[in-house]
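Participant: Okay, handing you the structure first.
The values are calculated or read from the model by the stated rules, or taken from the named source; none is laboratory data. Just so you know, these numbers come straight off a predicted model, no measurement behind them. Because the Cβ atoms are built from the backbone with ideal geometry, glycine has one as well, and the counts that use them run over all protein chains shown. Keep in mind that these areas ignore ligands, DNA and RNA; they rest on the heavy atoms of the full protein, side chains included. Shrake-Rupley method; radii C 1.70, N 1.55, O 1.52, S 1.80 Å.
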Amino acid sequence: MRAAIRPITEDDLQAWVDRRLTPEDTEAVEAYFAAHPELRERWSQYAVQREDLRAAFGRPDEQPIPARLRVARLMGERRRGHRRQFARIAAAVALLVVGGIGGWAARDFLPALTSSASAVLASSVFDDAIAAHRTFSVETRHPVEVGANEEAHLVQWLSKRLGHRLIVPDLSGLGFQLMGGRLLPADSGPAAWFMYEDGKGTRLSCYYLVVDAAEETEFQFREQNGISAFYWVDDGLAYAIAANAPRDQLLKVVRIVYEQNSSDGAKAKLPPAPGKAS
């Protein structure tokens with residue numbers, strides 16, 4: 001009975017991959033996989049990769065992967081850092097209210113807090129989008145969870161999970177074809193992720209996350225270990241476009257994504273096109 005009702009977490013699945021579960025917990029995970037065969041396939045692939053890594057680096061089979069290197073822990077630590085930053089900002093706002101700071105002082109202080117919150121959000125989205133691109137863009141067999149042959153299902157599924165109508169950009173004019181997409185975890189909820197590839201093998205990804213921000217933001221650019229990314233917020237949705245490509249090439253993609261997703265077609269806040277003055 002326990003196997004049928006026991007809740008299964010990502011730590012349980014990681015422990016299953018590492019073969020660290022008790023027989024009873026293994027039975028619970030197997031029951032979970034029986035109800036979710038698509039997850040069994042994915043996590044079985046992780047188990048195969050684990051064995052390949054052990055063989056490549058000569059690790060004894062009984063030696064578990066150190067906790068500090070497990071994906072769930074690494075992602076959790078990064079998210080805890082973001083949450084601590086948000087908590088500090090929230091505490092500062094609370095001090096304004098409880099402490100009764102005057103209107104003029106609050107007028108000067110609140111814009112700085114808003115700016116800090118926006119910076120934390122941007123950093124979080126940048127980190128997650130770049131990490132996702134770095135992880136999945138090198139995959140040959142399983143770069144996406146749902147392929148482009150099921151595009152209608154993919155868009156409907158991800159739109160439903162995010163609670164926001166998503167538009168998959170048409171980048172064929174730049175030579176990029178949709179490969180598919182997947183659902184990713186984020187601090188504030190699920191994120192949608194789409195991958196494209198051109199005829200030269202260059203891959204780029206589009207990352208969408210629903211955020212509590214009604215206003216638009218200016219475009220921001222970041223380059224990290226060879227991966228370029230643009231980020232902006234529009235109509236409650238944060239966008240991040242990432243690729244192993246130079247800024248000017250990625251900017252062409254960003255302009256198309258923005259124009260196809262913008263409700264009013266406004267282009268005032270777009271960065272200047274390559275070769276044009278600001």
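Participant: Given (1) closer than 16 Å to Ser123 by Cα; (2) open to solvent by 40 Å² or more (accessible area, probe 1.4 Å), identify the lone condition not met by Ala191.
Facilitator: (2)
Participant: Quick check on my filter: what residues within segment 210-260 are in contact with an Asp or Glu (Cβ under 9 Å, 6 or more places away or on another chain), open to solvent by less than 10 Å² (accessible area, probe 1.4 Å) and not hydroxyl-bearing (Ser, Thr, Tyr)?
Facilitator: Result: Ala229, Trp232, Val233, Ala240.
Participant: Filtering segment 132-143 down to residues that are open to solvent by 30 Å² or more (accessible area, probe 1.4 Å) and at pLDDT 90 or above, which residue is nearest to Gly180 (Cα to Cα)?
Facilitator: Of segment 132-143, the ones open to solvent by 30 Å² or more (accessible area, probe 1.4 Å) are 134-136, 138-142.
Restricting the remaining residues to those that are at pLDDT 90 or above gives 134-136, 138.
Numbers: Arg134: 16, Thr135: 15, Phe136: 12, Val138: 14 Å.
Only one residue tops the list, namely Phe136.
Participant: Taking interchain pairs and intrachain pairs at least six residues apart, which have beta carbon atoms under 7 angstrom, with the first residue in segment 168-180 and open to solvent by 30 Å² or more (accessible area, probe 1.4 Å) and the second in a loop (DSSP other than H, G, I, E, B) and among the aliphatic types (A, V, I, L, M)?
Facilitator: Pairs found: Leu178/Val168; Met179/Val144.
Participant: Only one residue in Tyr196, Tyr207 is under 13 Å from the mean Cα position of the chain (by Cα), of a type in the set (Ser, Thr, Tyr), on the phi < 0 side of the Ramachandran plot and at pLDDT 90 or above. Which one?
Facilitator: Numbers: Tyr196 fails: under 13 Å from the mean Cα position of the chain (by Cα).
Answer to the check: Tyr207.
Participant: If you go through segment 8-30 one residue at a time, how many are crowded, with 16+ Cβ neighbours inside 10 Å and free of Cβ contacts under 8 Å to residues at least 40 places away in the same chain?
Facilitator: Residues flagged as crowded, with 16+ Cβ neighbours inside 10 Å and free of Cβ contacts under 8 Å to residues at least 40 places away in the same chain within segment 8-30 amount to 11.
Let's see how each residue does on (1) in contact with a Gly (Cβ under 8 Å, 6 or more places away or on another chain); (2) of a type outside the set (Phe, Trp, Tyr); (3) in contact (Cβ under 8 Å) with a residue 12 or more places away in the chain; (4) more than 27 Å from Arg161 (Cα to Cα):
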site: Arg203; (1), (2), (3), (4): no, yes, yes, no
site: Tyr208; (1), (2), (3), (4): no, no, yes, no
site: Val211; (1), (2), (3), (4): yes, yes, yes, no
site: Ile227; (1), (2), (3), (4): no, yes, yes, yes
site: Tyr231; (1), (2), (3), (4): no, no, yes, no
site: Ala240; (1), (2), (3), (4): no, yes, yes, no
site: Leu250; (1), (2), (3), (4): no, yes, yes, yes
site: Val253; (1), (2), (3), (4): no, yes, yes, no
site: Val257; (1), (2), (3), (4): no, yes, yes, no
